[in-house]
Each structure stands twice: as structure tokens, then as C-alpha cells.
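Inspection log for the structure reproduced underneath, given as C-alpha cells.
Just so it is clear, none of the values below were taken in a lab; they were calculated from the coordinates. Since we're looking at a predicted model, the values are computed, not measured. Counting neighbours? That spans all protein chains shown, and the Cβs are built from the backbone with ideal geometry, glycine included.
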Amino acid sequence: MHFGPHLLLAALEGLVTSAVLALTALGLSLVFGVMRVVNVAHGEFFMLGAVLAWAITAAIGGHPALGFLAALVIAPLIVGAIALVAERLVLRRLNYNPEATIVATIGMLYIIQQLALSFYGPEARPVEPPFSYRILLPWFGYSGYKLSIIAASALLLIATWLVLTRTRIGLIMRATQYDSETAQAFGIPVGRVYGGVFALGAMLAAIAAVLIVPISQAHYLMGQDPLLLSFIVVIIGGLGSLRGTVVAAVLIGLSDGIISMFFSPTLAKIIATLLVAMVLVFRPQGLFGTTSR
Amino acid sequence: MADKNGFFDLSKTALTRRTALKGLAAGAGLAVAPGFVRYSQAQSSAPIKIGFQSHRTGIGAAYGRWYEKTTAAAVKAINAAGGINGRQVEVIIEDDGTDPGRGAEVVGKFATQHKTDIVFGTLFSHVVIGSAPAAGENKMPYFVVSEGHHVASTKLNRYVFQPGITDVKSQIQSMAPWIAANAGKKVTQIFPDFAFGYDHRDYLPPALKAQGAEVIAQIAIPPTESSFTKYFPQIPPETEVIYHVMVGPAVLTFVKELGEFYGSNRPQLFGFIDSLEATDINSPGLEFLDGSHFWEGSPRYAQADDSEAQKAYRAAVGIDDNGAAVGDPKDVSTAAHMFGCWETLYVVKKAMEDAGYKGPEDRAKLVEATEALTAFAEGPEHPQGAKTFNGKIHQCFGIQNISKVEGGKLKVVHKTKIEDGLYEAEGDYTKQAL
């Protein structure tokens with residue numbers, strides 16, 4: 001294949017990765033930004049979203065689009081509810097202590113993963129895409145559904161940005177992020193905000209998973225890679241910064257797509273991790289982060 | 001079900017399991033009295049303990065589950081027929097997480113804590129390679145069902161055996177003539193970037209060269225990869241056959257993306273069913289495989305010419321004509337590999353009887369008795385087919401099946417002969433000290 005089409009394919013693949021990564025990492029970033037909780041179980045919420053999407057589409061049947069749309073609505077809601085319960089039962093009782101919550105979320109990671117193995121099983125199960133249109137380019141074919149993931153992710157990111165910057169809920173969240181004690185003094189129910197943010201973070205991961213599951217498959221170990229990549233994105237972009245998260249996700253996704261196609265996937269991971277190290281040394285708050293208080 | 005140490009005791013669970021009940025009418029009397037096995041045998045001797053190193057979690061979990069089912073069925077049949085040397089067989093399962101480090105720990109645990117007679121049942125090649133030194137140090141006979149070439153390469157040690165499934169080098173050698181004659185001469189290989197994949201990388205090119213065909217590109221893919229489109233531009237346009245061997249949960253994606261990339265205008269495909277074990281061949285996106293060919297150790301779908309032994313084996317393990325669990329058509333088995341568990345256990349039985357095996361003090365005798373075996377006849381104990389066994393390299397050699405995807409099923413179109421897969425031994429384990 002010639003260089004041009006090769007690069008185009010690499011860029012398309014990279015953009016799909018970026019789109020899913022941006023949503024997942026945004027969830028992680030919100031939870032850390034507002035709650036100062038490093039949620040190691042974030043990848044498992046992603047996995048739960050995919051597994052539930054399989055369960056919902058299998059239960060509904062009929063046209064694949066029907067089941068998929070239902071999964072896109074229901075799966076994130078269930079995952080959000082589970083996250084809310086976990087937040088009430090575990091994180092709140094630890095007073096959101098940074099060290100304790102890391103250990104607690106590691107525990108949650110294993111509990112969720114093993115529950116999925118017990119009840120869902122070790123197989124990778126497919127979900128049918130809502131439509132299967134193959135775009136025929138002169139050099140190769142490409143999945144139309146993959147392109148629609150990029151669009152869907154962009155819409156969701158814009159919606160999240162609008163919520164954060166233009167609504168009262170967003171204002172409350174930003175106030176809590178800026179200074180939770182002062183926010184509480186002004187009558188903001190910080191406990192409830194924390195619960196809501198944790199659920200929202202998990203829901204963003206679940207939505208990303210529902211979008212990706214028709215081209216990937218639901219599998220109980222699928223949460224590991226997104227977790228690692230999300231951490232990379234969040235560190236590079238700056239914790240709690242929506243703009244930074246999106247820019248870093250596009251950067252990491254595109255470089256992963258292009259480097260792994262022209263060189264090797266391992267090199268792409270090496271460079272991404274090296275970038276994290278460089279950012280941590282020279283700009284610890286991330287490219288777009290503000291110095292934390 | 002689990003005893004006080006939390007270990008699964010198959011001698012008890014298998015008897016209460018509903019699916020297993022159907023398999024063996026003769027065992028029905030035993031089934032209603034789970035304690036019977038224990039007490040009637042207690043007067044002669046304690047059970048023979050087989051440590052089962054199972055991939056219960058990790059990327060091999062789907063295989064692990066079916067290896068356990070097959071093992072339970074074989075142990076049940078062996079026990080119903082009087083056990084080994086008049087002693088019942090008890091299986092103790094430990095999860096290795098499909099991880100080499102944990103695999104070695106599990107072997108150590110079997111040797112020192114459970115004090116099992118042998119260790120058995122490992123599939124993934126990196127776990128076998130990681131665990132083999134521990135088996136050698138503990139002088140623990142280690143019977144794997146892995147299909148990798150590592151045992152036959154004589155690079156492991158004298159305690160490691162693979163008597164139930166043919167190794168990859170032999171499989172490739174026996175199938176190369178068919179690939180060159182029927183699929184095409186210019187082959188691109190796609191394989192996982194670890195030990196099992198390297199067997200394919202190293203042995204396919206010479207095997208094809210001998211048939212006047214050639215490998216024109218080799219694409220290694222990391223085993224944890226979840227998206228494959230980015231590798232496809234490396235496939236040269238003049239490729240006539242894509243030879244694919246993938247493992248792990250992302251194989252469906254692999255096939256689907258290959259379909260999107262090529263559409264209907266694709267090269268021939270020849271794959272190892274490892275890519276799709278435990279996966280329904282009729283899953284959405286797999287239509288692309290229609291008309292392509294696969295290696296199968298033992299056919300997943302019941303074939304018209306199945307032997308009585310094959311039928312009895314399928315019934316005992318509890319798989320239907322489509323290779324799925326009886327009563328659950330979505331629960332597809334790992335039929336192409338798991339027969340190896342059944343056959344290996346019967347080899348262990350034969351070797352223990354030949355050696356007059358009494359307990360762990362006779363492990364060296366068991367190793368020698370296994371090495372003395374030369375052939376296994378097709379029959380209820382070896383339902384996949386006849387095999388020869390080379391005691392010097394601890395490896396068996398059997399027939400291979402090439403199946404075509406046709407109308408949503410796999411139909412066997414070619415069976416190789418045992419002689420097709422024989423090669424010069426690369427070493428001799430029997431020269432190593434016991």
C-alpha cells in the first residue's frame with residue numbers, strides 16, 4: 001500500500017482510539033478533579049458497560065439498532081447506579097482519603113472483575129453493530145460504524161462541556177473542584193456532588209464501552225488497557241481539565257495509530273509512557289492543568 | 001463441593017453434576033451416593049491425586065473451563081471402570097491465571113502442599129515453559145495438553161510429557177502439502193507474538209518451502225492487542241493465502257476487521273481453530289469466514305463418519321452435534337484441543353499400570369513407563385484417532401483435520417496421516433538423569 005492511503009488508514013484508526021479514549025479518560029479526570037480520588041476501578045466500569053450492552057442486546061433481540069440504542073441508554077444508567085452504591089458504601093466511609101481510596105478502588109477492581117467472570121463467564125461475546133455499512137475507499141474498505149463512533153464521541157464531549165460550563169450543576173461541580181470546603185460553607189451539598197460525579201465518571205466510561213463493543217467484544221478483562229491509557233491521557237492533559245483530556249486523547253490516539261502502523265505497537269506504548277515521564281518531570285500539572293491547591 | 005481448604009474435589013462434584021449424569025448410564029448407581037466412592041475404596045488405598053493446573057482465569061479461561069469439563073468426564077469414566085491400579089482418581093484444581101509465574105507456583109504447591117502424584121492439564125505455551133522448571137526441580141511428572149513444540153524440542157526436562165495432543169511443528173508439516181496444493185503458494189502469516197506463535201513462525205516457512213510454496217510476510221501481533229486494522233497494510237497485495245493463528249479474546253475483532261478491510265475480494269484464508277475455540281462460528285461478523293479452511297485437532301461439529309468411540313466421547317463430555325454444551329447451544333466448546341485431556345488421562349492410567357505405580361516414591365518409574373510407550377490405538381480411550389508416541393522426545397503424533405466453513409458449520413475435508421507429521425528428533429530426554 002502507498003504512503004498516502006496507509007497514513008489515512010492509520011489516522012482513521014487513531015481517531016477511533018482517540019474518540020473512545022477521550023470519553024473514558026474524561027470520566028477518570030472528572031472523578032479526580034472534583035473528588036481527588038484516583039479511581040483504579042475505572043476500567044472495570046468500562047468493562048461493565050460492555051458486558052451489560054451484550055446482556056441488553058441479547059435480551060431485546062430484533063433489529064440490532066434497537067438493542068444497541070437501548071444498551072446505550074440503559075447500560076450507563078445501571079453502571080452509574082452501581083458506582084453510586086460503591087461510592088456511598090466504600091469511598092464515603094473512608095472520607096475520600098487519597099491513599100485509602102486508591103487501595104479501596106483496587107479492591108473494587110478485583111471484585112467487579114471476578115463477579116463478571118462468575119456471572120458472565122470467560123468468553124468474549126460480540127454485540128452486533130446498529131448498522132454495518134462498509135465504506136469502500138479505492139485502496140481499502142473501512143467500517144462506517146467506526147466513523148460514527150468518532151462523531152458520537154464528539155457530540156458527547158460537547159454535551160459534557162456544555163453541562164460543565166453552562167449549567168447550575170456544572171457550576172456546583174466546578175465550585176466543589178476549586179475548593180470543596182468553601183463550597184460546603186456556601187451551602188453546596190458536597191457529599192451529594194461527590195456521589196453524582198463518581199456516578200457520572202463511571203457512566204462516561206460505560207458509554208465509551210457501549211460505543212466500542214460492536215467493533216471489539218465484551219470480555220471480563222477488557223478494562224485493563226483503557227485504564228492504563230486513561231491514566232496516560234489524564235496525566236498528560238492535566239487532571240480535571242476537559243480541554244486537556246480531549247487534546248491528550250487525540251494526541252495519544254493518533255500517535256498510537258500512526259506509530260504502531262508504521263513502526264510497532266510496542267514503540268507506540270513506549271513513546272506514550274515516555275511522554276508521561278517527560279510531562280511529570282517538566283510540567284507536573286499536565287499540559288492544560290492548573291497547579292493544584 | 002469445595003472441601004475445607006477450598007479446593008474443588010472433582011470425584012465428588014462430577015457425580016452430582018447433572019450434565020455428567022447423562023454421559024454414563026453405568027455410573028448412575030454411584031451418582032445417587034456421592035460418598036460411595038470414598039468408602040468402598042478406603043480399604044485398599046487412598047485415591048491417586050492428579051493436580052490440575054487450570055487456566056480458570058486470565059486469557060485462557062474459556063479453554064480452562066472446557067478442559068475441566070473434559071477432565072471431569074474422563075475421571076468419572078476411569079473411576080467407574082475401577083480407577084487406576086484399583087484406586088480411585090481424585091483431581092485437585094488450582095488456578096494459574098494463565099500466567100507463567102503463577103503456573104510455577106501452582107506446580108510447587110501441588111508438589112509440597114497437596115502432594116499430588118502428577119500435575120496435568122496446562123494449555124498455554126508460556127505457562128508450560130514457565131512451569132516446567134518447577135516440575136523438574138520437584139521431580140514431578142508434568143503432563144501437558146498444550147500442542148506447542150516446546151516439549152518435543154527437548155528444551156524442557158525429563159518430567160514434562162505431551163502424550164495426548166500433537167505438537168505444532170508436526171501439525172504444520174502434515175498440513176503444508178494441502179495448503180500448497182489447494183489454497184495457494186504465496187502465504188502471509190499472522191501470529192501471536194509469543195511462544196505458541198513462534199512455533200508457527202519458525203516451522204511453517206520450511207514446511208511450505210518443501211512443497212514449492214513460500215511465506216512472503218510474517219506479521220507478529222501482541223497477544224493483548226484489541227484492534228487489528230492497523231496491521232493489515234503489511235499484508236503484501238500478491239498474497240494468495242493468509243495463514244492466521246490467533247489466541248485470546250480479540251479474535252472475533254480480528255476476523256471482522258479483516259472482513260471490513262478486504263470485503264468479498266479476499267485472499268484464501270487458512271487458520272488454526274485456536275482463533276475461534278469457544279466461539280460460535282455463526283457469530284455476527286464471521287460470515288467473512290465462509291468458505292475458508294481451519295485446522296482442527298478433533299472436529300467441533302459431529303461428522304458423518306464419526307466412530308463409535310468419538311460419539312461416546314462427545315456424549316460423556318456433554319457436547320452436542322454442533323460442539324456446544326448439551327442444553328446450551330451458545331456455550332461452544334474448545335473441541336479441537338480438549339480431547340487431549342481425555343486422552344492424556346488414559347495415557348497416565350496406562351503408564352501407571354505398566355509401572356505398578358503405588359505413590360509419589362514411584363514417580364521415576366512412572367516417567368520411565370511413559371517413555372516406554374510407543375503407540376495408542378484408536379478407541380474409547382483415544383477417540384480422536386490412533387497415535388504414535390516417541391519416548392525420547394515425550395511427544396505423541398496423531399492425525400490432523402482440515403475443515404471447511406460451509407453453511408455455518410465446519411466440515412472435515414482432509415485428514416492427514418500420522419507419517420505426514422513425523423520429523424527427526426531434536427534431542428533425547430531419556431539421557432537426562434531422573
(message) Taking the number of other C-beta atoms within 10 Å as the exposure measure, put A:167, A:105 in order starting with the fewest.
(response) A:167, A:105
(message) Step by step: find N for the range B:286-434, compute 2.2 N^0.38 Å, then divide the Cα radius of gyration by it. What's the final number?
(response) 1.21
(request) Answer rounded, prolate or oblate for the range B:347-434, using the Cα gyration tensor with square roots of eigenvalues a ≥ b ≥ c: rounded when a/c is under 1.5, else prolate when a/b is larger than b/c, else oblate. (result) prolate
(message) Given the DSSP H assignment, sum -39500 (n - 2.57) over each helix run of at least 4 residues in chain A and divide by its residue total; what's the result at 222 nm in deg cm²/dmol, nearest 500?
(response) -25000 deg cm²/dmol
(message) Averaged across B:229-241, how many Cβ atoms of other chains sit within 10 Å of each residue's Cβ atom?
(response) 4
(request) Choose one answer from B:323, B:385, B:285: the residue with the largest mean-square fluctuation in a GNM of chain B with alpha-carbon springs under 10 Å. (result) B:285
(request) Work out the mean other chain Cβ neighbour count within 10 Å for the residues of A:210-222 and drop it here as an integer. (result) 4
(message) I'd like to compare A:36-42, B:131-137: which one has the highest average count of other Cβ atoms within 10 Å, and what's the full order after that?
(response) A:36-42, B:131-137
(message) Compute, for the protein assembly as shown, the length of the dipole vector about the Cα centre, with Cβ point charges of +1 (Lys, Arg) and -1 (Asp, Glu) only. Units Debye, rounded to 20.
(response) 1640
(request) Sort out for me the Cα centre separation of the range A:198-243 from the range B:198-255, rounded to whole Å. (result) 30
(request) Taking the Cα centre of the range A:1-152 as origin, sum charge times position over the Cβ atoms of Lys and Arg (+1) and Asp and Glu (-1), and report the length of that vector in debye to the nearest 20. (result) 220
(message) Number of Lys pairs in the range B:153-214 with C-alpha atoms less than 16 angstrom apart, excluding same-chain neighbours closer than eight positions?
(response) 4
(request) Would you order A:110, A:220 from fewest to most other beta-carbon atoms within 10 Å of each residue's own beta-carbon? (result) A:110, A:220
(message) Please arrange A:143, A:230, A:255 by how many other C-beta atoms lie within 10 Å of their C-beta, fewest to most.
(response) A:255, A:143, A:230
(request) Excluding residues fewer than 8 places away in the same chain, name every one of the lysines whose C-alpha is closer than 19 Å to that of residue B:365. (result) B:49, B:115, B:139, B:349, B:350, B:392, B:431
(request) Please label the shape of the range B:130-229 as rounded, prolate or oblate, based on the square roots a ≥ b ≥ c of the eigenvalues of the alpha-carbon gyration tensor (a/c under 1.5 means rounded; beyond that, a/b larger than b/c means prolate, else oblate). (result) oblate
(request) Please list B:100-112, A:147-159, A:48-60 highest first by mean number of surrounding beta-carbon atoms within 10 Å per residue. (result) A:48-60, B:100-112, A:147-159
(message) Which one, A:239, A:20, A:120, is farthest towards the positive end of the dipole of chain A when Lys and Arg carry +1 and Asp and Glu -1 on their Cβ?
(response) A:239
(message) Going Cα to Cα from residue B:411, which lysines come in below 19 Å? Please leave out same-chain ones fewer than 8 positions away.
(response) B:311
(message) Projecting each Cα onto the charge dipole of the range B:108-249 (Lys/Arg +1, Asp/Glu -1 at the beta carbon, about the Cα centre), which of B:116, B:146, B:173 comes out farthest on the positive side?
(response) B:116
(message) Given the DSSP H assignment, sum -39500 (n - 2.57) over each helix run of at least 4 residues in chain B and divide by its residue total; what's the result at 222 nm in deg cm²/dmol, nearest 500?
(response) -10000 deg cm²/dmol
(request) Report the net charge of residues surrounding residue B:111, where surrounding means a beta-carbon distance below 9 angstrom and charges are Lys +1, Arg +1, Asp -1, Glu -1. (result) +2
(request) Assign one of three labels to the range B:351-399, namely rounded, prolate or oblate, based on the Cα gyration tensor with a ≥ b ≥ c the square roots of its eigenvalues; rounded applies when a/c is under 1.5, prolate when it is not and a/b is larger than b/c, and oblate otherwise. (result) oblate
(request) Taking the convex hull of the Cα atoms, report for the protein assembly as shown its projected area averaged over all directions, in nm². (result) 32.6
(request) Determine, for each peptide in B:405-413, A:190-198, the mean count of other beta carbons within 10 angstrom over its residues, then list the peptides with the highest first. (result) A:190-198, B:405-413
(request) Can you tell me the dipole magnitude for the range B:285-379 around its Cα centre, using point charges on the Cβ only (Lys, Arg +1; Asp, Glu -1), in Debye to the nearest 20? (result) 340
(request) Quantify how strongly other chains surround peptide B:220-227 by giving the mean number of their Cβ atoms within 10 Å of each of its Cβ atoms. (result) 4
